[in-house]
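Read-outs throughout are calculated quantities, based only on the coordinates presented, and are distinct from any laboratory measurement. None of these values were measured; they are calculated from a predicted model. Heads up, the Cβs are rebuilt from the backbone with ideal geometry, glycines too, and the neighbour counts pull from every protein chain shown.
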Amino acid sequence: MHDMTLRDLIGHRRLTTLLARAIERESLPPTLLFAGPSGVGKWAVARATAQTVNCLDPVKTDLRQGSGGQAAGDLAVDACGKCRSCDRVARGVHVDVMMLEPDERASIKIDLVREVLAKTGYRPFEGRKRVVLIREADTLEPQSQNALLKSLEEPPPGTMFILTTSVPGVLLPTVRSRCMRLRFGRLTSAEVASALVRDHDYSDVDARGAAPLAGGSLGQALALIDNDLSMFRELAMGLLQHTAGRADSQSRVQAASALHSGGGSSKKERTREDVAIVLRMMASMLRDLEAINSGADRAVLANPLLTGDLENLARAYSGDRARVAFGAVDRALTALERNAGTKVVTEWLAVQM
Ligand SMILES: [Zn+2]
C-alpha cells in the first residue's frame with residue numbers, strides 16, 4: 001500500500017486534526033502511544049505524522065473536509081506528499097524516520113531496538129525531526145521495553161517516538177505511563193467500504209458486502225473479502241430459521257452449538273472472530289427483514305443473494321421482533337468483544353431471539 005498524507009486517510013478525523021494542529025503549534029508530545037483495534041489504520045496515521053513533521057514543503061489543508069460544516073480558515077498543516085522527504089518516508093528509506101516492526105515470529109528483537117536507540121544519540125541527519133515508529137509495540141520483548149524506558153522518559157533532542165498497539169495492556173506499565181495515549185476507535189462500515197474501493201480496487205458491491213462484517217477494521221475486511229463466506233452465511237441464516245418457529249429453549253441451545261463448535265467431526269471451537277462474523281451477518285439479515293416488513297424496495301437489501309429466504313422469514317420477524325432480535329445480536333457482539341466465551345454467548349443469544 002502506498003503511503004498517505006493525513007488528509008488522504010480515511011476515518012479518525014478527530015485524531016488526525018488533533019495531530020496536525022499540534023504539529024503546527026510545535027506542541028506534539030515527543031512520546032505517543034496509538035492504541036486501538038487492529039486493522040483500523042494506526043500505523044498509517046503514525047507514518048503520515050512522521051511525514052508531516054519532516055515535510056520540506058508542508059501544505060495547509062482542511063482535514064475536516066468531507067465530514068462537513070467546518071468554518072473556512074480552520075486549516076491545519078499536512079505533508080505535501082511530493083517532496084524528497086515525503087517520498088523517502090513513503091519508501092521507508094528516510095534516514096531520520098526509523099521503523100521497528102515485528103519479525104515473522106511476531107517479535108521485535110532487542111538488537112534492533114539498541115541499534116535504533118544508538119542512532120538517536122546524534123542530531124537528525126536530513127530531517128527536521130527524528131521519528132522512531134514502533135509497530136505493534138506489544139511485541140517488544142520486556143527486555144526491549146526496558147531498554148526503551150530512558151529514551152521515552154527523556155527523548156533525545158529532536159527525537160520523537162510513536163508506538164502503536166491493539167493491546168496496550170500488554171505493555172509494561174512503565175512504558176505506558178511515559179507515553180501520551182491516543183485512542184483509536186473502529187471505522188464505520190462506510191469508511192471500511194470506501195477504503196476497500198479507493199485503496200484496494202474492490203468493486204462497490206464487494207466492498208459493501210464485506211464492510212459490515214468486519215467490525216470496523218479494514219484489516220479484518222481485507223482478510224474476509226476474498227474468502228468464501230457461504231458457510232458463515234448459512235450458519236447465520238440457519239439460526240434465524242431455527243428460532244423463527246418459536247422452538248423451545250433446549251432445541252435453541254442445540255442449534256447454537258453449530259455456531260460455537262466447529263461442527264462435523266472436528267471438535268474444534270470456532271474462534272471468537274469467526275463467531276462475530278456470523279453474528280454480524282445475522283444483524284445485517286435482521287436489518288433486511290425489517291426493511292422487507294416495512295415494504296422497502298428489494299434493491300436496498302444488504303443481502304440480495306438471500307432475498308427468497310428472507311421473504312420466507314419476514315412474517316415470523318414482523319412487528320417488533322426483528323428489532324428486538326437485532327438488539328440481542330448487538331449485545332452478544334459486545335459480550336464477545338469483552339472476551340465472553342463463544343458458547344455462553346451463542347446459547348444466550350439463541351434463547352433470546
Ligand atoms: Zn513533503
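Worth pointing out:
- Within region 83-98, residues that are closer than 20 Å to Tyr122 by Cα and of a type outside the set (A, V, I, L, M) sit with their Cβ atoms under 9 Å from residues that are near the ligand (Cβ under 8 Å from one of its atoms) and part of a loop (DSSP other than H, G, I, E, B), at 6+ positions apart or across chains, in these pairs: Ser85/Cys55; Ser85/Leu56; Ser85/Asp57; Ser85/Ala79.
- Within region 274-300, residues that are touching a residue at least 40 places away in the same chain (Cβ under 8 Å) and hydroxyl-bearing (Ser, Thr, Tyr) reach partners that are surrounded by 17 or more Cβ atoms within 10 Å (Cβ to Cβ) and part of a helix (DSSP H, G or I) with beta carbons closer than 7 Å, at six or more positions or on different chains, in the pairs Ser284/Pro212.
- At least 1 residues being within 29 Å of Glu337 (Cβ to Cβ) and touching a helix residue (DSSP H, G or I) at 6+ places or on another chain (Cβ under 8 Å) is the threshold, and among the helices (runs of 4 or more DSSP H) wholly inside region 109-178 those reaching it are 142-153, 173-177.
- Qualifying residue in region 172-192 (condition: within 19 Å of Pro102 (Cβ to Cβ) and touching an Asp or Glu at 6+ places or on another chain (Cβ under 8 Å)): no
- With respect to the conditions (1) surrounded by 14 or more Cβ atoms within 10 Å (Cβ to Cβ); (2) out of contact with any Gly (no Cβ under 7 Å at 6 or more places or on another chain), Ala276 falls short on a single one, namely (2).
- Members of region 32-60 found to be within 11 Å of the ligand (Cβ to nearest atom) and either more than 22 Å from the chain's Cα centre (by Cα) or of a type in the set (Asp, Glu) (or both), listed by number: Thr52, Val53, Asn54, Cys55, Leu56, Asp57, Pro58, Val59
- Extreme residue, nearest to Met353 (Cα to Cα), among residues of region 303-325 that are among the polar types (S, T, N, Q) and touching a residue at least 12 places away in the same chain (Cβ under 8 Å): Ser318
- For region 29-37, the count of residues that are outside any strand (DSSP E or B) and among the aromatic types (Phe, Trp, Tyr) is zero.
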